[in-house]
Amino acid sequence: MGRKREILEDDKPKKGPGRKTKKQPAPSFKALLGDEGPKKLSHKQKQRQRKREEKKAEKASAGAKRKATPTPNSRPSKKPKLLFDSDGDDDENLRSSDSEEEEMQDEFSEDDVLSDSESEALEKESGKKAKKNEKKAANAATPKAKKQQEKGNAKTRKQEKMAAPESDDEEEDEKSDSDSDDEDESDEEMDVEKASKKLLKKQKQDESLAQDELMLNIKSQEKFTLPSGQEIEKEDILDLVILSECSLLVLLFVTRVWGKRDRVVNASNSRSGGRGISHIRHILADFSERREEGRSRKEYLDQLCRDLCARFNYNEFLMERLLGLFPNEIMDFLEANEYPRPVTIRTNTLKTRRRDLGPMLIDRGVNVEPMARWSGVGLTVFDTKVPLGATPEYLGGHYMLQGGASFLPVMALAPQERERVLDMCAAPGGKSSYIAALMKNTGLLWSNDANRERCKAIVSNLHRLGVINSLVTNYDGRAMKKVFHSFDRVLLDAPCSGTGVISKDEAVKINKDEKDILRCSHLQKELLLSAIDCCNANSKTGGYIVYSTCSIMVEENEWVIDYALKKRNVKIVPCGLDFGKEGFVNFEQHRFHPSLRLTRRFYPHTHNLDGFFVAKLQKFSNKIPGEENKTDQVEENGEESAKSENKTDQAEENGEDSAKSGDAESKGKKAANSDTKKQAKQKSTDKDSETSKSSSPDKNKAKKNATPDKKNFQSGKKVAGKLKKPGFLPKKGFKNKKKGN
Amino acid sequence: MRRATPMVIIVLWLRGVRRPIFPCGQAKNMRPLTQEETNTFFEKLSKYIGENIKLLIDRQDGSYCFRLHKDRVYYMSEEQLKIGSSAAGDTLLSIGSCFGKFTKSGKFHLHVTALDYLAPYAKHKVWLKPSAEQQFLYGHHIMKSGLGRLTEDTEQYQGVIVYNMNDLALGFGVAAKSTLACRNCDPMTIVVFHQADTGQYIRDEDTLT
């Protein structure tokens, strides 16, 4: 590292004048040798020195005046205010975050100066401390600085010490100055290796001391005080007052300068946003070192959450969840949500090819370029002179406006020609038409959506894109299995909370809470079970189900899949997408099946796609575990089922540790076993609750049903092989149930 | 009343109603077209594609058929029909591709959704200049000034498919003048009446099917 002093090879002849040697001669440390001799300051240096000292004297006198009216109580409350409500609001808006940090430090250092001077106020009279400081300084300061001190009078010395951080900086500056000066001065030969070593040692010592001092200063500077509860309340009130008072003015001004989107962000940012956030994140990065005494991590996290909410306009619930999901990259994620994803279009391969469509659009004044490597049909639109949704090409069905993320589930589904494919929640038909394009208009594509109005969009889009193998219906997805249940592949793009597409719909930031998420999750579970039931495991080419959402919540993704793994004979298979992040196996209180690692998550900040989740399941048996004695499991509400899952979770995991997870049969058995166990448990709990009712027949029934079921599953594959018409199975079960009842 | 019974037809015939008779209520399930319906429908189709209709019915790649569902005529494969019948009823919104609909008075209207089948078999075509393209897509008739090319020997009131200069089908219409008459008229005369255009996918999304 760096240039090295040539000690031994000095006498060797040089090989040639290298370019580097011309530019930079090898460094010599001879300057240090000359420290015993008196040094001369240049005229200007002297002048500068004088000025500096004068300034310090002024400062010190001002500090002394301030000390005359000490306000000890105001200090702790003052600090956070300094942090959050700085007076230079308007200027700060314009500055970058970097400069903000610098500024913050400056402020702190000023604060320190004040506090130091306060504490010294009493001792100043005796002057003891001043002497001590002098001694310290003598040790710490470089020889150069020593000389300066000798020159300066005693008063200035004191003052210098009081303004410790600044003087340190100056010392360093001067050091470097003197270095360059002394290089010129000294021409002595090296009779003094020993001396130089000594000097080096000494210098090191000095430096380390200086460093210690500096660190001390930094430490005291870096303390960040959290506002107390009262202060937060106050701040809220202040927020209201200020916003109401100058909202009009500020907003008008800000909108003019920064444009519409940044409006509220900036308004809140100037007060409590940016600095607090970066500071708290800085502290949390090394919590044990940087925290304020007596404050817990939770307090910091809460404050961070509040600040982020204020800055980006989220509600606290959602922000907490996001913080849980992205402890490190939260800022990236939130920033990414402020900007829209690039507009992408999908070439309709039924009517044209991408290499034909591209030039055609460019002729129309649309600047397009092929999308990422993983898609052969996508085009990214940079800018356009014409409305993309109304060009004759669009109307002719040559392309579809579609987000990049919504290619993914269809690619994972990989439909083959002459298959029967179900798209359960199809509106507005983007994914459906992609499926049809991959099937090349053969076989059957059943597009279903529960919303009749949105179904019209499917019909229109499919016709426009020239899809002729389609069938559009308006069923509730949960009832689909009663209509038709022999599909080769099923795509379930479930309705969700939309937390992955905040950039598209900002309302999500505010209007989602715990209940919404759980409601979505519950619906998704029902839909997924229905989708699995619609799929035919005995299909020659298929038996696959793809589940996707545009949400990033674990409750709507991994949890749902995990539920399906327990309730049906399915296993997770790789999606065939070579990018994206792995799904969670452990998340907060959840412990999922290890194969959930095969699912894929996509985020706006990492992939520049909408937040998305894709999982591909393969059905290996049409048998529904515990169908016979199944009562109302599907209709159970989400929370209850969650509880029961958690109970059986551990047992299952233990079992699975012993066996390999990928094996279909063993898994099937296990799933069956666990399910029967579960049922037995539930039965027993039911029984307990309904002791007054005739419990004994119930019990018997449960036992009866449980045992043959187990048998069936232990001979797992055989049964599956025998079932040629899978569709009849559930019906049988249904009949049995009816009889039983 | 799901279908016109022979009795009703006779009664109406006696009253002087000489047009195809259709059920007054909406059919709940898909059904094949009756003879009259087939006649009206094919008559309309033949204006555009002539005797190529038989290519739609006798296909090499599988058997296809027309079905009437909620007054609309759909064209689908046998497999679709088989599976689709399990879903028929009020919930079935579309199956295969929709050709058009019967009006309450028994006429048949072709929809733009039939364009995919009409365009390849079309007998008479019209090409539009780029300036007139947008006009047509907004539902206007075609003037002489916007006409780029025209198939020879087009007769008056002949069905024509409208293309733009890149050979992209934009819709279809009816020739207001024969090819000969077109040559001599002034630029602001209407030469093709608008019937359907792809802009309807956006404008009439709700009523299209």
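For a footprinting-style exposure proxy, rank A:LYS197, A:LYS525 by other Cβ within 10 Å, fewest first. Show your work: numbers first, answer last.
On the way: A:LYS197 10, A:LYS525 24.
Taking fewest neighbouring Cβ atoms as first place, the list is A:LYS197, A:LYS525.
Quote the FRET efficiency, to the nearest 0.05, computed for B:CYS65 versus A:LYS482 with a Förster distance R0 of 25 Å and r equal to the Cβ-Cβ distance. Let's see the in-between values first.
Details: r = 26 Å, r/R0 = 1.05.
With R0 = 25 Å, the Cβ-Cβ based efficiency is 0.40.
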Too long for a 25 Å Cα-Cα cut-off, among A:LYS46/A:LYS194; A:LYS385/A:LYS440; A:LYS512/A:LYS567; B:LYS123/B:LYS144, are A:LYS46/A:LYS194; A:LYS385/A:LYS440; A:LYS512/A:LYS567
Using +1 on the beta carbon of Lys and Arg, -1 on that of Asp and Glu, and nothing else charged, what's the dipole of segment A:343-402 about the Cα centre, debye to 20?
180
Give me the net charge for the shell around A:HIS607: Cβ to Cβ below 11 angstrom, other residues only, Lys and Arg +1, Asp and Glu -1.
+3
What is the list of residues in segment A:317-338 whose amide nitrogen lies under 14 Å from a point 7 angstrom out from the Cα of A:ALA285, following Cα to Cβ?
A:328-332
Neighbours of A:PHE407 by Cβ distance under 10 Å: Lys/Arg at +1, Asp/Glu at -1, summed charge +2
When the Karplus curve 6.51 cos²θ - 1.76 cosθ + 1.60 is applied with θ = phi - 60°, which whole-Hz ³J(HN,Hα) does each residue of segment B:136-150 get, with x for Gly and Pro?
5, 5, 8, x, 8, 6, 9, 8, 4, 5, x, 7, x, 9, 8
Listed by chain and number, the residues whose amide H is under 5 Å from that of B:GLY100, excluding neighbours fewer than 5 places away on the same chain and using placed H, are B:VAL73, B:HIS111
Cα-Cα over 32 Å: which of B:LYS82/B:LYS107; A:LYS298/A:LYS566; A:LYS540/B:LYS101?
A:LYS298/A:LYS566; A:LYS540/B:LYS101
For A:456-469, what's the mean count of beta carbons from other chains sitting within 10 Å of each residue's beta carbon?
6
Scoring only Lys, Arg, Asp and Glu (+1, +1, -1, -1) among other residues with Cβ under 11 Å from the Cβ of B:LEU208 yields +2
In order through segment A:594-607: 3J(HN,Hα) via Karplus (6.51 cos²θ - 1.76 cosθ + 1.60), integer Hz, x for Gly, Pro
x, 6, 5, 5, 7, 6, 10, 10, 10, 10, x, 7, 9, 10
For B:VAL174 paired with A:ARG355, estimate the spin-label separation in nm (one decimal), with each label point 7 Å from Cα along the Cα-to-Cβ line.
4.5
Provide a whole-number value for the mean count of partner chain Cβ atoms within 10 Å of the Cβ atoms in peptide B:162-169.
3
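If R0 is 30 Å, what FRET efficiency do you get for B:SER145 and A:LYS385 from their C-beta distance, rounded to 0.05?
Details: r = 25 Å, r/R0 = 0.82.
For R0 = 30 Å, the calculated efficiency reads 0.75.
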³J(HN,Hα) across segment A:501-508 via Karplus (A = 6.51, B = -1.76, C = 1.60, θ = phi - 60°), whole Hz, x for Gly/Pro?
10, 4, 5, 7, 9, 6, 4, 4
Cα pair distances in segment A:343-402, grouped into 10 Å bins until the bin that holds the longest one, percent each:
25, 65, 10
Between A:ASP493 and residues 5 or more places away or on another chain, the pairs with built amide H atoms under 5 Å apart involve A:MET424, A:CYS425, A:SER548
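Determine the alpha carbon to alpha carbon distance for each of A:LYS509/A:LYS616; A:LYS504/B:LYS129; B:LYS70/B:LYS177 and list only those over 32 Å.
Details: A:LYS509/A:LYS616 29 Å; A:LYS504/B:LYS129 38 Å; B:LYS70/B:LYS177 35 Å.
Checking Cα-Cα distances, A:LYS504/B:LYS129; B:LYS70/B:LYS177 exceed 32 Å.
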B:THR189 label point, 7 Å along Cα→Cβ, cut-off 17 Å on backbone N: hits in segment B:126-144?
B:141-144
Please report the orientation-averaged projected area of segment B:20-110, defined via the convex hull of its C-alpha atoms, in nm².
5.7
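Set the Förster distance to 51 Å, then compute FRET efficiency between B:LEU14 and B:ASP167 from the Cβ-Cβ distance, nearest 0.05. Please report the intermediate quantities before stating the final value.
Values: r = 52 Å, r/R0 = 1.02.
In this case the efficiency is close to 0.45.
Quick note: the coordinates plus some simple rules give every number you see, no bench work behind them. Not measured: the values here are computed from a predicted model. Methodologically, a virtual Cβ is constructed for each residue, glycine included, from the backbone with ideal geometry; neighbour enumeration extends over all protein chains shown.
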